[in-house]
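So the structure is just underneath, and the comments pick up after that.
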Amino acid sequence: MEVSVVSSSTRREGQGSSGSWLFLFKSFSRSLRQFLSETGLHGLKFVGDPNLSNWERSFFFGSFVTALVITIHLISNIYVKWGSTPVIIGISPHATSILKVPFPAITICNMNQVQKSRVSNYSEGSNESALLKLLCDADNLDEELRDAQLAGNTLKISDFVANHSQACERMLLFCRFSAVERNCSHLFQQVLTDEGLCCVFNFQPPEYLYKPFSDSGRNLTSESGFESVKWDPETGYPEKLPPRFYPSTSSGTGITLGFTAVLDAEMSEYFCSSTNGPGFKVYFHNPVEVPMVKEAGLITAIGYETNYRIEMVRSEAVPAIRSISRDGRQCLFKNEKDLIFYSIYTRLNCENECLAAYLYDNCACIPYDYPQIYSNATTCTMRDAHCVRRAQKAAIRQGEVKCLSQCLPSCFDLNYLASGFSFPLATGKFQLANGLVEGFNKSYLSENIAVINVYFRESVYYGNMKNAYVGLTEFLSNVGGVMGLFMGFSVISLAEILYFLILKPLSELFVWKRSSQVDPVKSLKHNAFAIEHPETLNNSTFWHPQELYPKGFTLKATERVRRMKRNKNITNAFVK
């Protein structure tokens, strides 16, 4: 009866919530002692050694805490470095042949804005006269007079410039590309830029550059027999190429396999210049970017032959940096940002669209030399010129145009750097290499003609490769090295902590609770509190709560039964 009372009392205690927490605490304590005695972490084995004195155990515990603090500090430095410098720019390990990339697109502009013979008959005070003053002397035009003259003027600047500027067939007298003389009209197309009417060579075909709805207003025709192909800096050329295509690649290095052109400035037709003298502006650019010649064009002087030696500047990126945020890597892949007007993303194309939107918001029109990002937008006329110029000056201020911050560089990009070397054309009577140049009158040659040669210096180039500075593998390696050096920590150590301090106590609690619900009498076998009641040892057999091990062990009652069986067997043997 007494045993029954003790058993029921113990059973009720064990089934309560406080009993469960006490059981879990005791199980956790036993697991913690076993973990400290068997773990591979530096110093903890001595902390749990009961044979050491308190000060010795305290010494090793303090050493472990110190190592832990140092480890956390070093890991935090690694993490900050990982976050603040996610990308490193290095030299590409593989050389790329110039035969796999386009020859630079070349845009040539005569600094003469309009031809004298075509505008000399306009009378003072006419709309055409006001437009000429805007083109030639806008900065010195009186503001009140300018507003009065432009208010009712509906002339389109683009149409006026296209009809009154020097045509490409008159400017380009001789062209040679890849050691083959070509018809300049087949190589070059007229294009309207911020520098006026210019001529462009090796430009991306419009069907691949502009969106379908866009009306570019550019007459970009190809030479008969040349097929247009799609190219962009990220994917390059298609695998199968026709025999003759554009944008074209170079055939090799040097002046002979480069590009040569003879230019005629027609000084007698000069009416006003975009600079302080006569000559040409030459701009080398990516074939998928619309030329912006006014600010970046190189000056080619009349009466000189100029050699432009081209060097590649190519940016590449490994696919692994896609996982890094855009702000972290500071570049965009071509499919990460969709433009409105252009089919191919570049930073310049993005900035042009952004500025076009800014000008449209301020002046309700888009200038002719900006992308027509809205299909129903009107092209700016003379009466909008004052508003456009005011908005363009305001756009220069830092932070004025918000969308410019979204135009990050392309992760794959291609640019061209040109080094120019000039020498004067011949003034004496002797034989020259180019028959066309030799046939000019020496006076006309020095006053009107310019010769340019564009060529690659090297047959291969090395691009700039963007890679993860501290990738996930490097980060884990650095963290693992620090934790292994200071604490002896490994992945198995994490498994030990998870097992001994979490899984094992919870599993023991689960087994104990389950056995109590299934058979209350057998619950004493799993009752951690029965150890504290010696009187129960004489009446029952139960298991110590280490059931997770493959070999459990019985307590005194079970051992006593076994001994009684052995003694009985011995007695029977003697009786026989």
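Annotation note: Cβ proximity below 6 Å between a residue of the range 429-442 that is among the acidic types (Asp, Glu) and a residue that is modelled with pLDDT of 80 or more and surrounded by 10 or more Cβ atoms within 10 Å (Cβ to Cβ) (sequence gap 6+ or interchain) occurs for no pair.
Take the residues in the range 361-374 that are under 30 Å from the mean Cα position of the chain (by Cα) and touching a residue at least 60 places away in the same chain (Cβ under 8 Å); name whichever of them is least open to solvent (accessible area, probe 1.4 Å). Out of the qualifying residues, it is Pro371. Selection of the range 340-360 for residues being free of Cβ contacts under 8 Å to residues at least 40 places away in the same chain and either more than 18 Å from Thr379 (Cβ to Cβ) or open to solvent by less than 10 Å² (accessible area, probe 1.4 Å) (or both) yields Ala356, Leu359. Out of the range 328-339, which residues are touching a residue at least 24 places away in the same chain (Cβ under 8 Å) and open to solvent by 40 Å² or more (accessible area, probe 1.4 Å)? Residues satisfying the conditions are Gln330, Lys334, Lys337. Scanning the range 309-342 for residues that are among the small types (Gly, Ala, Ser), in contact with a Pro (Cβ under 9 Å, 6 or more places away or on another chain) and assigned to a strand (DSSP E or B) turns up just one, Ser315. For the range 385-400, the criterion of being open to solvent by 40 Å² or more (accessible area, probe 1.4 Å) and closer than 30 Å to Met465 by Cβ is met by none of the residues. Taking the criterion of being among the hydroxyl-bearing types (Ser, Thr, Tyr) and part of a helix (DSSP H, G or I), the residues of the range 482-499 that qualify are Ser493, Tyr499.
Can we say Asn163 is open to solvent by 40 Å² or more (accessible area, probe 1.4 Å), more than 22 Å from Gln115 (Cα to Cα) and of a type in the set (S, T, N, Q)? The answer is no for Asn163. Picking from Pro242, Pro233, Pro247, Pro291, which residue would you name as being buried (at least 21 other Cβ atoms within 10 Å of the Cβ), in contact with an Asp or Glu (Cβ under 7 Å, 6 or more places away or on another chain) and assigned by the TED database to the domain that holds Thr193? One residue alone meets the criteria, Pro233.
Yes or no: the range 369-378 includes at least one residue that is in contact with a Phe, Trp or Tyr (Cβ under 8 Å, 6 or more places away or on another chain) and of a type in the set (Phe, Trp, Tyr). Among the residues of the range 369-378, at least one is in contact with a Phe, Trp or Tyr (Cβ under 8 Å, 6 or more places away or on another chain) and of a type in the set (Phe, Trp, Tyr), which makes the answer yes. Of all residues in the range 117-125, one or more are open to solvent by less than 30 Å² (accessible area, probe 1.4 Å) and either small (Gly, Ala, Ser) or not assigned by the TED database to the domain that holds Phe412 (or both). Every condition in (1) touching a Lys or Arg at 6+ places or on another chain (Cβ under 9 Å); (2) in contact (Cβ under 8 Å) with a residue 40 or more places away in the chain; (3) not hydroxyl-bearing (Ser, Thr, Tyr) holds for Ala67 except the one numbered (1). Filtering Val191, Val200, Val180 for residues that are β-branched (Val, Ile, Thr), open to solvent by 30 Å² or more (accessible area, probe 1.4 Å) and at pLDDT 85 or above leaves a single hit, Val180.
Among the residues of the range 221-255, the ones that are within 30 Å of Glu447 (Cα to Cα) and modelled with pLDDT under 90 come to 0 in all. Among the residues of the range 231-247, those identified as in a loop (DSSP other than H, G, I, E, B) and within 19 Å of Asn415 (Cβ to Cβ) are Trp231, Pro233, Glu234, Thr235, Tyr237, Pro247.
Residue pairs whose Cβ atoms lie under 8 Å apart, separated by 6 or more positions or on different chains, with the first residue in the range 456-467 and over 25 Å from Thr256 (Cα atoms) and open to solvent by less than 60 Å² (accessible area, probe 1.4 Å) and the second assigned to a loop (DSSP other than H, G, I, E, B) and modelled with pLDDT of 85 or more, are Met465/Val318; Lys466/Val318; Lys466/Cys331; Lys466/Cys411. Give the range 263-288 a look and list any residue that's more than 18 Å from Leu135 (Cα to Cα), open to solvent by 30 Å² or more (accessible area, probe 1.4 Å) and of a type outside the set (Phe, Trp, Tyr), or say none. If the condition is that a residue be more than 18 Å from Leu135 (Cα to Cα), open to solvent by 30 Å² or more (accessible area, probe 1.4 Å) and of a type outside the set (Phe, Trp, Tyr), then Met267, Ser268 are the ones that fit. Scan the range 36-55 for residues that are assigned to a helix (DSSP H, G or I), surrounded by 15 or more Cβ atoms within 10 Å (Cβ to Cβ) and in contact with a Lys or Arg (Cβ under 9 Å, 6 or more places away or on another chain) and jot them down. Listed by number, the residues that qualify are Leu36, Phe46, Val47. With the structure loaded, tell me whether Ser76 is open to solvent by 30 Å² or more (accessible area, probe 1.4 Å), of a type in the set (Ser, Thr, Tyr) and under 23 Å from Phe500 (Cβ atoms) or whether it fails that test. So Ser76 does not fit the description; no. In summary, helices (runs of 4 or more DSSP H) completely within the range 373-466 and bearing 1 or more residues that are in contact with a strand residue (DSSP E or B) (Cβ under 8 Å, 6 or more places away or on another chain) occur at 435-439, 442-448.
The values are calculated or read from the model by the stated rules, or taken from the named source; none is laboratory data. As the structure is a prediction and not an experimental result, all values here were calculated from the model. Quick reminder, even Gly has a Cβ in these numbers, built from the backbone with ideal geometry, and neighbours come from all protein chains shown. These area figures cover heavy atoms from the full protein model, side chains too; ligands, DNA and RNA do not enter into them. Shrake-Rupley method; radii C 1.70, N 1.55, O 1.52, S 1.80 Å.
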